[in-house]
Amino acid sequence: MTVVGLGLCILFLLLSDAAATRQVKGELRRNLFANGIGLTPPMGWNSWNHFQCNIEEKLIRETADAMVSTGLAAVGYQYINLDDCWAELNRDSKGNLVPKSSTFPSGIKALADYVHSKGLKLGIYSDAGTQTCSKTMPGSLGHEEQDAKTFASWGIDYLKYDNCYNTGTSPKERYPVMSKALLNSGRLIYFSLCEWGQEDPATWAPKIGNSWRTTGDIVDNWESMTSRADENDKWASYAAPGGWNDPDMLEVGNGGMTIEEYRAHFSIWALSKAPLLIGCDIRAMDNITFSLLTNTDVIAVNQDKLGVQGKKVKKDGDLEVWAGPLSNNRKAVVLWNRSPSTATLTAYWSDIGLNPTNVVNAHDLWTHWTQSAVKEKLSAKIESHACKMYVLTLQ
């Protein structure tokens, strides 16, 4: 083959590859939920992990106040989400959901107006069954259109949709009904599917929702957190702007893990492009919790516009490397020591998708120190259950 012929062949392959890439991106866009929101993972707060059913409107208003006054809103947290137990056990005579008069006497619309006045958004909870998981309020099964319109009329911005008392019908049949109802409600409402990963929602939920739970409920301990991270990891390729894998809410600040375990929790959730929904009482955060939740370098990885979920790329027993691409040809890397003792972890360039000849600047997102001209590998001595998180920029 002549040099010219070889050049034309290479050019054809490059053009074909670019066309294939455009086609894949086009298919991805067509397969995403049609509401056009959630282009980065949602950030906010949810009532369940700390308060369970012990919620009332004063708490929610104070939480909205704290979201602003602490500076959480300034770094990106915007949703104030009610979980279960906000409604009366029975619907009214017209079949409408009714806010619980003893705990939400002003109604949900007034609460939404207050939250919106703070520059924030209000989320609410329902269930794709006959009752919610607490059995204290009705689910939305058979009332999807009516409830979606009610939520829209109240000014709701986010719906978490649970999976209890579902009559045994597949979530693949029940969840699309609410999806369509939300699209027809007249308001843009982020749709969070919570069917606990039972029927591999990553494979079908991108067409009907903005995020989908890939795991069962998280509990505030090391074993629960790490198992949720692992279960979520295998679905990494299905996440994209507008549709996110959800390993459940953050437990940072609730007291069941050490500082280093919480740091790892927040780092892995950020790298995995998981929704960052705070689960502690932000009215009473200590300084350490605040510093973990407001690390803008780590948040920037989660909110990166490229929207590619990072994943586990190397495992040597309990020593793990997680990594993923970022915009502007950068890489995010977490070295995670899940072992019971201090260990040295190493990520070679081949582990994380870099060329062996690449030279990078490695910015440590927790110490905020940058190591220049790093070649071939990244190594660190890391304490038990702790991690190091970096952004690597090519020189």
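The values are calculated or read from the model by the stated rules, or taken from the named source; none is laboratory data. Fair warning: this is a prediction, and the values are worked out from it, not measured in the lab. Backbone-built Cβ (ideal geometry, glycine too); neighbour counts: all protein chains shown. All accessible areas refer to the heavy atoms of the entire protein, side chains included, with ligands and DNA or RNA removed. Shrake-Rupley method; radii C 1.70, N 1.55, O 1.52, S 1.80 Å.
Checking the structure you have, find out if any residue of the stretch 100-111 is closer than 30 Å to LEU72 by Cα, buried (at least 16 other Cβ atoms within 10 Å of the Cβ) and under 27 Å from the mean Cα position of the chain (by Cα). Yes, that holds for at least one residue.
Scanning the stretch 119-140 for residues that are assigned to a loop (DSSP other than H, G, I, E, B), more than 19 Å from LEU188 (Cβ to Cβ) and either under 24 Å from the mean Cα position of the chain (by Cα) or not β-branched (Val, Ile, Thr) (or both) gives ALA128, GLY129, THR132, CYS133, SER134, LYS135, MET137, GLY139. For the criterion of being open to solvent by less than 60 Å² (accessible area, probe 1.4 Å) and either more than 12 Å from LEU365 (Cβ to Cβ) or under 16 Å from the mean Cα position of the chain (by Cα) (or both), ASN337 passes.
Considering (1) in a loop (DSSP other than H, G, I, E, B); (2) among the hydroxyl-bearing types (Ser, Thr, Tyr); (3) touching a Ser or Thr at 6+ places or on another chain (Cβ under 7 Å), the lone condition that SER185 does not fulfil carries the number (3). Within the stretch 141-163, the set of residues being assigned to a loop (DSSP other than H, G, I, E, B), without any contact (Cβ under 8 Å) to a residue 40 or more places away in the chain and under 17 Å from ASP84 (Cβ atoms) comprises LEU141, ASN163. Once the stretch 186-224 is narrowed to residues that are polar (S, T, N, Q) and crowded, with 22+ Cβ neighbours inside 10 Å, the residue that is nearest to ALA34 (Cα to Cα) is ASN210.
Across the stretch 122-146, the qualifying residues are those that are closer than 22 Å to SER211 by Cβ and in contact with a Pro (Cβ under 9 Å, 6 or more places away or on another chain), and the one among them that is surrounded by the fewest Cβ atoms within 10 Å (Cβ to Cβ) is THR132.
Any residue at all in the stretch 373-393 that's hydrophobic (A, V, I, L, M, F, W, C), open to solvent by 40 Å² or more (accessible area, probe 1.4 Å) and either on the phi > 0 side of the Ramachandran plot or within 28 Å of the chain's Cα centre (by Cα) (or both)? So far as the stretch 373-393 goes, yes, one or more of its residues are hydrophobic (A, V, I, L, M, F, W, C), open to solvent by 40 Å² or more (accessible area, probe 1.4 Å) and either on the phi > 0 side of the Ramachandran plot or within 28 Å of the chain's Cα centre (by Cα) (or both). Figure legend. Inter-residue proximity from the stretch 356-375: first residues farther than 26 Å from LEU292 by Cα and part of a loop (DSSP other than H, G, I, E, B), second residues at pLDDT 95 or above and open to solvent by 40 Å² or more (accessible area, probe 1.4 Å), beta-carbon distance below 7 Å, spacing 6+ or different chains. Indicated pairs: PRO356/SER350; PRO356/GLU376; ASN358/LEU394. Of the residues SER291, SER237, SER224, the single one that is part of a helix (DSSP H, G or I) and within 16 Å of the chain's Cα centre (by Cα) is SER237. Taken together, the criteria exclude THR357 from residues that are open to solvent by 50 Å² or more (accessible area, probe 1.4 Å) and closer than 27 Å to ASN221 by Cβ. In the stretch 316-334, the residue that is most open to solvent (accessible area, probe 1.4 Å) out of those that are assigned to a strand (DSSP E or B) and more than 14 Å from ALA264 (Cβ to Cβ) is ASP316.
Checking each residue in the stretch 340-376 for being out of contact with any helix residue (DSSP H, G or I) (no Cβ under 8 Å at 6 or more places or on another chain) and of a type in the set (A, V, I, L, M) picks out ALA343, LEU345, ALA347, ILE352, LEU354, VAL359, VAL360, ALA362, ALA373, VAL374.
Residues checked against (1) in contact (Cβ under 8 Å) with a residue 40 or more places away in the chain; (2) more than 22 Å from MET43 (Cα to Cα):
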position	(1), (2)
LYS311	yes, no
VAL334	yes, no
TYR348	no, yes
GLU383	yes, yes
